Amino acid sequence: MLSFRIFCFIFLLILFLPDSSVIAKLKVVEENKIIAVLEKQEKDWNNGNIEAYMQGYWQSDSLLFIGKSGPKYGWKTTLENYKKSYPDRKAMGKLKFTFLKIELISPRDAVVIGKWELTRENDKPSGYFSLLMKKMRGKWKVAIDHSS
């Protein structure tokens, strides 16, 4: 037979744990906030505004971007690389993100897997991305971006 203390502990645990429907609703709210950040990036890119696009990234020297040339650290480095690779609106094309999976791994960390596609005058490059997003000061930011 369970001791009274163990019984009380289990009872209090059940009483104060949020039910799964509350957790599921909170998860959907956070996923929608993440999607909003990435959709804003998509819109800013399509408006030709790389600086605004970069606001979705963590403004830190610890930001990690992994692309075809390997890992690079820093928000400023990432901004400079984007400007070098996409010097004008024609090179930027029209960006489209497709989200394949968003997984909250903690209340402040999420992994996003998706596809990116650029539509330009003469080509249509595309690839996949995986992001580690962190909730900082109440806002979701990309902390690690691995795009191929």
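The values are calculated or read from the model by the stated rules, or taken from the named source; none is laboratory data. Just so it is clear, the model here is predicted, and its values are computed rather than measured. Don't worry about glycine lacking a Cβ; one is built from the backbone with ideal geometry, like all the others, and counts go over all protein chains shown.
Close Cβ contacts (under 7 Å, 6 or more residues apart or on different chains) running from residues in the stretch 121-148 that are β-branched (Val, Ile, Thr) to residues that are part of a loop (DSSP other than H, G, I, E, B) comprise 142/58. Can you find even one residue in the stretch 71-78 that is in contact with a helix residue (DSSP H, G or I) (Cβ under 6 Å, 6 or more places away or on another chain), modelled with pLDDT of 95 or more and either outside any strand (DSSP E or B) or not aromatic (Phe, Trp, Tyr) (or both)? Checking the stretch 71-78: not a single residue is in contact with a helix residue (DSSP H, G or I) (Cβ under 6 Å, 6 or more places away or on another chain), modelled with pLDDT of 95 or more and either outside any strand (DSSP E or B) or not aromatic (Phe, Trp, Tyr) (or both). Checking the stated criteria, residue 31 turns out to be surrounded by 12 or more Cβ atoms within 10 Å (Cβ to Cβ), in a helix (DSSP H, G or I) and touching a strand residue (DSSP E or B) at 6+ places or on another chain (Cβ under 8 Å).
Being in a strand (DSSP E or B) and farther than 20 Å from residue 33 by Cα holds for only one residue in 113, 105, 144, 66, and it is 66.
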